[in-house]
Every structure is written in structure tokens, then in C-alpha cells.
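Working notes, beginning with the structure itself.
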Amino acid sequence: MESLRISRPFDAHVHLREGDILKTVLPYTADVFFSAVAMGNLKEPISTAEQVRVYREQILSALPSGSNFMPIMSVMLQKNMTPEILEQTFEAGAQVLKFIPAATSTNSSASNGVTIPELRNYYPVLAKAADLGMIFSGHWELARDAGNVEIPELERERLAIPWLRGIISDFSELKIMVEHVTTAEMIEVVKAAPDNVAATITAHHLMLEAKDVMDPSGRIINSLNYCKPVAKTHRDRMAVVETAVSGHPRFFFGSDSAPHPISAKRRIPPAAGIFSDPVALSIVAQVFEERGFLNRMKNFTSGFGPQFYGLPISQETIVLEERYWRVPESIDGIPVFMGGKAVKYQIVS
Ligand code: NCD
Ligand code: ZN
Ligand code: ZN
């Protein structure tokens, strides 16, 4: 029986939500990861220093007692953002400037959000982020073309590439994150970019392909597997898997664990997002083992992320043991990724 001891991992991208959902989901992140980047796309997206402080307090007070989990706070790039406001949020503890283009994903409001083409109006904000040493974390999907026609979901990440390239070439001093990569082409862009550019890979994008989510016409057939960016082709998934296990230091784990109540997942169209943290590390271990690189998992989950974020590697450890367990279908009414299935590798301490 294989067992693997690794430094306590880092989740570079998680949605912890607020209120009751926060209380439900937080232990699945905080009991496993020493730290995680808490995305600020709350119902009222975090865009001021005061909101950063309040949300941080909310997370800390929802922690299980004795926990030393360290949330990394983020602030959303919304229409109101200025270099001055960004600096205030930084002083309030925000380390990440998070960009979800307007109307592309959960709580990325059409009215207050910024589109990818509008990013050029926020260059002073990006320059300030670079000065402050903040990380610019982007959801790189282009929702509409130049004629304002909606772009099909499967094409959105690829069509964001030229815009991202522009940002990369204009900001050599800004740490840029390409969140939840799903296409072979985007992976190539990150590989070819300088060292200030890195990407996260989720557990679900190691497992899912478009056929697990939609029929060939684009109709959603399994809303529990629906997230943004939507999973792509087999070729794309293979590129994601090969890159994760390759040991490239600028590709590391970020779950994008994004809980939604079952009612929201059953809506038409369903809420986008997959609650994965209860099972994410088990999946990562399984994929690395299948490829014969279980020994590289620790860098992917616990080393490269902290390195890019300038955090120390955790001195604490967790153990994953090769032992099948059945994933719960849901936790407090929130469906869990791979619910009902048996997965190899269980966290035993
Ligand atoms: C995320 C959420 O639900 O907050 N959803 C998702 O499908 N990934 C937002 C995001 O990361 O885009
Ligand atoms: Zn996103
Ligand atoms: Zn996300």
C-alpha cells in the first residue's frame, strides 16, 4: 500500500463564499491546506479596503478552533477601481487583484464588471499592482467578439489569448496568474511567457472533458460538471495532465473549488462552479500516480504555488494513503465533485 507524506498544500484558487456556506465549506479547505487564495467574488464583490477587512474577519472567525490556516485575500477589479483604492485594499491585507471579466462567471456583474477589452483603461491600476507586488489573477475568457456577438463557451479561453499576450508584454514587472487553464494553446502561452507569469490547474480539469458536461450541440447534460472555463477536448485535457505532472514550476494546483447549492446547480442555465476541495487532493494523487509521477505531486500542490506567491513552504505535513473511499454526494445541500464515486487515496492525517 502506497502512502505519501507531503508538506501541507497550498490552494492557489478557492471560493469560500460567505455566511452559512462559508461555515460549511471552510473546513474542507482549512483542515488540509495551510493557506489558500480566497477569491472575492461574493454576492457583493470585494472592491474596497473595508470589504477586505470584513471578509478576512469573517473567514478567520469561521475557522475550526486551533486552526492556523492563512487566507490570502483578494480584491476584485471592478469599474470603481483606482490605483488609490488598490493601495488601500493592499494596506487592508489584499495580496491579489482578481479579474473576472464582466458577465463571464459567478457574481461577475455585467454592470460593475470590467471586460477584457476594457482592461486597457485600467493600466494605471495594473501598474500600481506591480509596484505593490500584488498578484494579478485573471479568469481569461473572452465572452464577446468585436461585433459584440457572444462567443461559444468552448472558444472563450483560446480567444482571450491575444489580449493576455498584450498584458504580458506590457507588464514585465507584474506577477500574472492565468487561472484554471483548460486548453493546450493557453498552456503554450504560459510556458513561453517570462517567469512573472504562472498558471493554476484544477483537479476537475484533470478529469473532465467537454463530453462529460455538454452534448455536441452545447446543451448542458451534466450540470454538476459545469464550471467556467468549461472542460475541453481530450487533447486539451491530455495537455493539462501532462503539464501538471511535468514538474514545470509555473504550473501549480488551484482547486477553483466553487460551491453552489443543489438548487442553483439544477437551474437552467445552472450556476457555474464545482465544489471540489473535499476530494481534490485525492484526485490529484490518483492522476500523478497513474502517470508514474506521484513523487512530483508535492511540488505541484505544496511547493510551486508558495514559491510564486512568496510564501514559505509549510513545515507541517499531511499523509495520503492508498485506500478507496466513497465521496459523499453532497455536503449540507452542496453537491460534491465525483459524489457517489470511489476514489483512491485518502487523507489520513
Ligand atoms: C466560479 C464561482 O462559482 O465562483 N465558478 C466557476 O465556474 N469556476 C467563478 C470562477 O472561478 O470563474
Ligand atoms: Zn474563474
Ligand atoms: Zn474561480
Helices (runs of 4 or more DSSP H) wholly inside the stretch 223-329 containing at least 3 residues that are of a type outside the set (Ser, Thr, Tyr) and over 18 Å from the mean Cα position of the chain (by Cα): 234-245, 262-266, 280-290
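Looking at this structure, is SER302 in contact (Cβ under 8 Å) with a residue 60 or more places away in the chain and either more than 16 Å from ligand 2 (Cβ to nearest atom) or surrounded by fewer than 14 Cβ atoms within 10 Å (Cβ to Cβ) (or both)?
Details: in contact (Cβ under 8 Å) with a residue 60 or more places away in the chain: yes; either more than 16 Å from ligand 2 (Cβ to nearest atom) or surrounded by fewer than 14 Cβ atoms within 10 Å (Cβ to Cβ) (or both): yes.
The answer is yes for SER302.
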Limited to the stretch 3-56, what total is found for residues that are within 16 Å of ligand 1 (Cβ to nearest atom) and within 18 Å of VAL348 (Cα to Cα)? 2
Does ILE46 satisfy the criteria of being surrounded by 19 or more Cβ atoms within 10 Å (Cβ to Cβ), away from ligand 3 (no atom under 16 Å from the Cβ) and more than 16 Å from the chain's Cα centre (by Cα)? no
So in the stretch 203-222, with the set limited to residues that are out of contact with any Ser or Thr (no Cβ under 7 Å at 6 or more places or on another chain) and outside any loop (DSSP other than H, G, I, E, B), which one is farthest from PRO259 (Cα to Cα)? LYS211
Go through the stretch 82-106 and count every residue that is within 15 Å of ligand 2 (Cβ to nearest atom) and surrounded by fewer than 17 Cβ atoms within 10 Å (Cβ to Cβ). 1
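Every read-out reported here was derived from the displayed coordinates using simple, explicitly stated rules and does not represent laboratory data. For clarity, every value in this text was computed on a predicted model and none was experimentally measured. Note that each Cβ is placed from the backbone with ideal geometry, even for glycine, and that neighbours are counted across all protein chains shown.
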